[in-house]
Structures are given as C-alpha cells and as structure tokens.
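Only one structure is covered here, and it is reproduced in the block below.
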Amino acid sequence: VPQEDSSGTFVQLRVSLVQTSCSKRAQRRHNCRPLESRRKPVCLACYKFDRGDIPKVLDKYHNCGPSHHLAAKEIKHRDEAECRAVEEAGKAGDGFYLPGMFAFSKGLP
C-alpha cells in the first residue's frame, strides 16, 4: 500500500519466492507445482518517489535473502532500518546544499 506525504510517495513490497518444477522457458507456467524441499527466499523492496508529474526515484533499497538463514532476524532488522531511511527521503530537514545551487549578486550603488 503506497504511503503519501508532502515529500512524495513511499512504496514497500515484500515477496516470497519459490522454485517450481517448470523451466524458465516453459510456455504454460500456471500449472507449475512448487518444489517443497527448495529454498524460499524473501525479497524486500522499498522506493520513495517525488511528487512530480513524472515521478522520480528519490531513494530505493532492495534485498533478497533466505528465510531460513540463521541470521534472518538480523537481516530483517537491517531491511526495516534501510526502508525507514528510504521513507524519510525528501522530507524537510534532510536536505543539503551543494556549491552552485544558489547564486547571489551584489547590485550596483
């Protein structure tokens, strides 16, 4: 579910993958059965878009990891922290100024 605020739109997707008995080149993939003994990676993707007519990506994060891995809890915590940082992109207070971003001139007396 997208979350919108004044800085843009944040989208988070969590997908669980499973290997099937069909090959990648199979024409009819809707009849493929999952292979139970295979790994089932969990993928997380977070994106923050600005509010323009043609939205641009302000920040993004994505990672796929095994759901059964011993460090799955640590990976989940890291993913959540990374997604929170993406969600904050473009909000007031995290902006910075680069040389040449603004120009000032002194008027003649």
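Counting only residues that are more than 20 Å from the chain's Cα centre (by Cα) and more than 24 Å from residue 80 (Cα to Cα), how many does the stretch 29-63 have? Count: 11.
Here 27, 12 are screened, and the one residue that is open to solvent by 70 Å² or more (accessible area, probe 1.4 Å) and part of a loop (DSSP other than H, G, I, E, B) is 27. Scanning the stretch 4-43 for residues that are at pLDDT 85 or above, within 17 Å of residue 88 (Cβ to Cβ) and of a type outside the set (Gly, Ala, Ser) yields 4, 9, 10, 11, 12. In the stretch 87-101 there is at least one residue that is modelled with pLDDT of 85 or more and small (Gly, Ala, Ser). Of the residues screened, residue 73 is not one that is open to solvent by 100 Å² or more (accessible area, probe 1.4 Å) and either at pLDDT 85 or above or closer than 27 Å to residue 91 by Cβ (or both).
The values are calculated or read from the model by the stated rules, or taken from the named source; none is laboratory data. In this text the structure is predicted, and so the values were computed from the model without any measurement. All Cβ positions, glycine included, derive from the backbone under ideal geometry; neighbour counts span all protein chains shown. Protein only, heavy atoms only, side chains kept; ligands, DNA and RNA dropped before computing areas. Shrake-Rupley method; radii C 1.70, N 1.55, O 1.52, S 1.80 Å.
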